[in-house]
Every structure is written in C-alpha cells, then in structure tokens.
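This is the structure I have questions about; it appears just below.
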Amino acid sequence: MSLAESSLIQRQAAGVNTFLFISDILGRLVINAEGNPVGKLSDIKIRLGEPFPKVVSLTVKKRKTKTLLELDWQEVQALDEAVIHLKAEAENKLKPLEVANDEIMLRDELLDKQVVDTYGAKIERVNDVHLLIVNQELRVVHVDFGIRGILRRLGWLGGVDRVMRWLFAYRFEEKMISWKYVQPLLSDSVKRNLKLNVAARKIHEIHPSDLADIIEELDRANRSSIFRSLDLQTAAQTLEEVEDPKLQASLIQSAPVEQASDILGEMAPDEATDLLADLPREHKEQLIEKMEKSSRAVVEELLKFKEGTAGSLMTKDFFSVLKDRTIGEAIEEFRKTTYPLDSVAYIYVTDKENHLLGVSTLRHLITCAKETPLKNLMNSRLVKVDQDDDIKDVSALFQKYKFMSVPVVDKDNILKGIITLKDIMKAAFED
C-alpha cells in the first residue's frame, strides 16, 4: 500500500469529509485486505428516503466470471479514485445483487437519465453524481448536469481545462443540483410510487404552469408516472395548464378511471368539458358516470352546447347574490366560495328565479356599509351574451369593454354562467 493510500484510509477512518464523483470510481479495482484483486466496481446502490441518501452497497464485477455481486458498504475500508480497499474477510460476504423497492442503482437508473429539478422547476439530464464520505458513510449530495460531468466521464476534463485556461483564461463552470431537489424518474412500475413519499413531496410546491412545462418535456412513460403521483388538486391545476389537447387527453387516460374522474371534478367545469370532448366516446361516458353528482350535472349541461358558442366556453364557477341581500350577507357568502379569483371578480345580482338584474364588484364588499342592500349598489346597465352567441362576437365585447368576465344568459335572461378573460384569450389564441 502506498503512502498516499495509507493517508487516505487514515483520513476516512477519522471521519474527514472526502468528495468524489461516481465517474471517478466506477470501474476501479476492488482489492481485499491482503491487497489481492477481487473485481471491479460496477455500480452503487442507494436507499431513498433521506435528503442526502446513503450508499448501502457496492456492485462488484468478479474478474474471471464477470458475475455481478453485492457487498455492503460497511465492508469497505477506504475508497479512492484508484482502488477500493475492503476490510478483512469482506470478500467472503459478497452476495447476489438484490434491489428493494426503496433502492436504486446510481449507474443503471440515474446516469444519462432525466430528473426533475424541483428547485428550478425544469428537466435535467444526469451527467455525473457527486458523493461525499462523511463519518465513514458514503452519501449522494449533488447531481451534475453540466458539461464538466460529460468531460469527466470521458476522461477529458483535465486536458480540456488546461487548453481552455491557455487559450481563453476560462474554464467551464460546475452545474450541479442538490440531491434534495432531485426527483428521479424511475421506469419501474413499482418504484414510481416512491416519488410520492420521497422527492415528489416537493412536486406540489412547483407552480402548475411550470409543472405542465416539465410534463410536456418528458417521454410518455415518465409523463404518466409524474401525473399519477400528484394529488388531485395539483393534477387538476396542472392539467388545465397543459396547452396541447392531445397531451391532456393522454394524461387523463393514463390514470385509473376513479382517479381521473376525481381530477375532472377538481377542474374548472369549462376546462373539464373541453377535455372530455376530446376523449373517445366510451371513455368519456365512463368518466362522467364516475364523477360526483353535482360535477356530473354541470359537465353534462356544458357538453350540450355546440363548439364555438358562448355556452361551450362558459364556466359555472361564478358568484351570484339575491338582490335583497346586504353587503354583510354577501361577504359571508363570498367567504364560502372556492372559485378562482378571475371567476369572482364581479358579483352578479339576481332574483329568486335567477334572472340577471345587475352587477356589482368586490370593491363594494370592502368599502360599503355592511347593512347596505346590494340592489342599491348594482349596475343595471348590463353587457351580457347569449349562450348561443359566437365566440368571435364575445371576443369583440372583451376587446371593447376590457371586462374580467362577461355573464352568459339564456333567452329568458336566466344567468347560466360566465366567460372569463382567461378563457376568451385561450380561445382566441387557439383560433
């Protein structure tokens, strides 16, 4: 054993932190306590569940048989970039490789694979893995997604650094993500569920719009895996942000019928209706049948309208109050609503038969005396559209009046829904 190797063993035994890249040690010689070769390092197994997971074992390829065997990390005396030193009798503890549901192989399942960076809300490709030996444990600390990771694996990093410094006084920057922000995308159907319990706990913190962008970048299997791991509300919001109708349909079809119907129930009714319209008839009917009664009734009503009409674009998520209610009573009712903000920008005033009489604003709820009847404040000069009006005519109204939403009525002036600025813009962009 060289003096340098002896020094490294002493430092690691003393708990001195040592950083390594997996590309530096894969393929390295594994030797026993007597200094005789055992095989070469083929892979490293980690157990998920911690912010910086531990390495639990090494996979060793035997020299003559090429057989892959597993050795617990505790049997390693020291690890450096040239040789892996085993403890006494460690060679006798080699065993066939087994991978549990909460474990992954770094080389096989992570290198060159896609991961979700939950901090930056984007997809990255793993070029290398950064490891740390601390307190005689080997842990994963970073994922390398930069050009340096590729050069390191090719063995060109030192030479390229020298050339870049000589020619341009520059060197490529390290680009790494802390493992605690990494979401592995596992292809194994059993391991997909781990995302919900391990790194995917961060998924719900990503804005649905960013999450939709992430899903759009993935292949079909990983899209479905991520989507099915989301909670109902996050899945519904993300699905609304996906721009491609075909991808929306593919995602909802990838989920079990019960889960898919619950997701549709969480979506805005108009969004759910548009999605259902793009599904095969048999699957559409299955989903509608499984939806809760209240949501099903709304969706079935919206599906009756011809595409391109105001009725097909309107949402049932709006805030209406009877004309005799006071500001104080309206505030209490408003507190119970869970509709999106753009759906409650205006307060629509109706009679008991739901005829549209006027409109008020949230400003009135905040600034006026609580005992004031809404009918004293409402604007009765209404701009409204019929449910059979063409979407192009509705768009012209938004352009003219700059409203946040417009009420939709039937031929008897009964309030049926509203069209929001967001929905009309989406329809206009599609055209």
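Quick note: the coordinates plus some simple rules give every number you see, no bench work behind them. For clarity, every value in this text was computed on a predicted model and none was experimentally measured. Using ideal geometry, Cβ is built from the backbone for each residue, glycine included, and neighbour counts are taken over all protein chains shown.
Can you tell me the orientation of helix 421-430 relative to the chain, as the angle in degrees between its alpha-carbon axis and the longest Cα principal axis, to the nearest 10?
With rounding to tens, the tilt is 70 degrees.
Follow-up question, since we're still on this one. Helix 257-266 versus the longest principal axis of the chain: what angle, 0 to 90°, nearest 10, using Cα atoms?
60 degrees
So what's the Cα pair-distance distribution over the chain, bin width 20 Å, in %?
Cα pair-distance distribution for the chain, in percent: 21, 37, 24, 15, 2.
Sticking with this structure for a sec: Using only Cα positions of region 291-431, each an equal point scatterer, no hydration layer, compute I(q)/I(0) via Debye at q = 0.11, 0.20 Å⁻¹ and quote the log10 values to two decimals.
Taken in order of the listed q values, log10 I(q)/I(0) reads -0.40, -1.25.
OK, next. How many angstrom lie between the Cα centre of region 279-345 and the Cα centre of region 110-174?
Their Cα centres are 50 Å away from one another.
When the chain is modelled as a GNM with alpha-carbon springs shorter than 10 Å, which of R63, R148, R47 fluctuates the most?
Result for the chain, Cα springs under 10 Å: R63 fluctuates most.
Could you order the peptides 366-374, 295-303 from most to least packed, using the average number of other C-beta atoms within 10 Å per residue?
For the peptides 366-374, 295-303, the packing ranking is 295-303, 366-374.
If you take the beta carbon distance between A100 and D351 as r and set R0 to 51 Å, what does 1/(1 + (r/R0)^6) give as a FRET efficiency, to the nearest 0.05?
0.20
Would you please give the FRET efficiency between R171 and K122, computed as 1/(1 + (r/R0)^6) with r the Cβ-Cβ distance and R0 = 25 Å, to the nearest 0.05?
Plugging the Cβ-Cβ distance into 1/(1 + (r/R0)^6) gives 0.55.
A follow-up question, please. If you build the convex hull over the alpha carbons only and average its shadow over all orientations, what do you get for region 207-304? Give it in nm² to one decimal.
Dividing the Cα hull surface by four gives the mean projection, 5.5 nm².
How far apart, in nm, are the 7 Å Cα→Cβ label points at K411 and E50?
Placing both labels 7 Å along Cα→Cβ, they lie 7.2 nm apart.
What angle do you read, to the nearest 10 degrees and between 0 and 90, between the alpha-carbon axis of helix 245-254 and the longest principal axis of the chain?
70 degrees
Right, here's the next one. Which residue, chosen from A369, I419, M404, occupies the Cα position most advanced towards the positive end of the dipole of region 320-430, where the dipole is computed from +1 (Lys, Arg) and -1 (Asp, Glu) charges on Cβ about the Cα centre?
A369
Ranked highest first by the average count of other Cβ atoms within 10 Å around their residues, in what order do 280-286, 308-314 fall?
308-314, 280-286
Ignoring chymotrypsin sites (Phe, Trp or Tyr not before Pro) that are buried or in helix or strand per DSSP, and keeping those with at most 13 other beta carbon atoms within 10 Å, what is the longest stretch of the chain between them?
171-431
Same structure, new question: Relative contact order for region 207-304 using alpha-carbon pairs under 8 Å, separation at least 6, rounded to a whole percent?
After rounding, I find 25 percent.
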